[in-house]
1. Taking only pairs six or more apart or across chains, which ones have beta-carbon atoms under 8 Å, a first residue in segment 190-209 that is closer than 16 Å to V21 by Cβ and surrounded by 10 or more Cβ atoms within 10 Å (Cβ to Cβ), and a second residue that is among the β-branched types (V, I, T) and modelled with pLDDT under 85?
2. For segment 15-22, does any single residue satisfy the condition of being touching a residue at least 12 places away in the same chain (Cβ under 8 Å), closer than 22 Å to I180 by Cα and surrounded by 10 or more Cβ atoms within 10 Å (Cβ to Cβ)?
3. I want to confirm something. Restricting to segment 176-189 and keeping residues that are part of a helix (DSSP H, G or I) and in contact (Cβ under 8 Å) with a residue 40 or more places away in the chain, which single residue is surrounded by the most Cβ atoms within 10 Å (Cβ to Cβ)?
4. Since T137 meets every condition but one in (1) among the polar types (S, T, N, Q); (2) modelled with pLDDT of 95 or more; (3) within 16 Å of the chain's Cα centre (by Cα); (4) more than 16 Å from V37 (Cβ to Cβ), which condition does it not meet?
5. When you look at Y118, is it under 22 Å from A47 (Cβ atoms), touching a residue at least 24 places away in the same chain (Cβ under 8 Å), outside any strand (DSSP E or B) and not charged (D, E, K, R), yes or no?
Amino acid sequence: MKAHEQKIIMKKIFKYIIIVVIILGFSFLYAHINKEVPIFDKTVDSATYGNMGEMTTGLCVQQKFLCSQNVLNGISIKCVTYGHQLTSVYNYQILDGKTGKILREGILNAKEVKNNQYFTIWFDQITDCKNRELLFTLESKDASFGNALTVYNIPKGNEQAELRLNSDDFSENTLAIRTISTDFDWETFVGVSFYLLYLYIFIQVLFKFFS
């Protein structure tokens, strides 16, 4: 094989390597997604959803659940405002369900919540969450009737979860909560990689066909 032909082959190989690296690199970045996973049974008919009543001062909702993801970056909870312009403030905590250790805590401003929609609470990532029992709590020191959030509950399915309102046990229900995990997702990575590779081959075929 002549030196000129070897150079042409090496250029083609190098070009394909660069293309593969670009495709895999883009797919890797794209595959870091915010994955939402409901802790409740999502097959339950939405017509059967209930609520915890107005979350006024002195009431603390406590939802214990088993996290299915490796990391946790946020909690998305479905709320009701009844169309009121709320000014109340809520304190939330994420605790270890077994030790009671506070992992994250912060404030939820009710004025930012939209009626009958999920509201996302973001916090610094919690690691080592896979199959870990966590506890989410929500309470207010200034909420009053007409100026308080209401949170949905859903008839319980097979999920490993415990719901309480103060000392009252809601053993047949689970809050409408989704965990949010910003992490690498293999399915997304593989899917995007194959799509970009197919797109590249398709464009090359079209280019050759019309050239």
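1. From residues that are closer than 16 Å to V21 by Cβ and surrounded by 10 or more Cβ atoms within 10 Å (Cβ to Cβ), the pairs are S193/I23; L196/I23; L197/I23; Y200/I19; Y200/I23.
2. no
3. The qualifying residue surrounded by the most Cβ atoms within 10 Å (Cβ to Cβ) is F189.
4. Of the numbered conditions (1) among the polar types (S, T, N, Q); (2) modelled with pLDDT of 95 or more; (3) within 16 Å of the chain's Cα centre (by Cα); (4) more than 16 Å from V37 (Cβ to Cβ), the odd one out for T137 is (3).
5. On the way: under 22 Å from A47 (Cβ atoms): yes; touching a residue at least 24 places away in the same chain (Cβ under 8 Å): yes; outside any strand (DSSP E or B): no; not charged (D, E, K, R): yes.
No; evaluated as a whole, the condition is false for this residue.
The values are calculated or read from the model by the stated rules, or taken from the named source; none is laboratory data. None of these values were measured; they are calculated from a predicted model. Glycine gets a Cβ as well: all are built from the backbone with ideal geometry, and neighbour counts include every protein chain shown.
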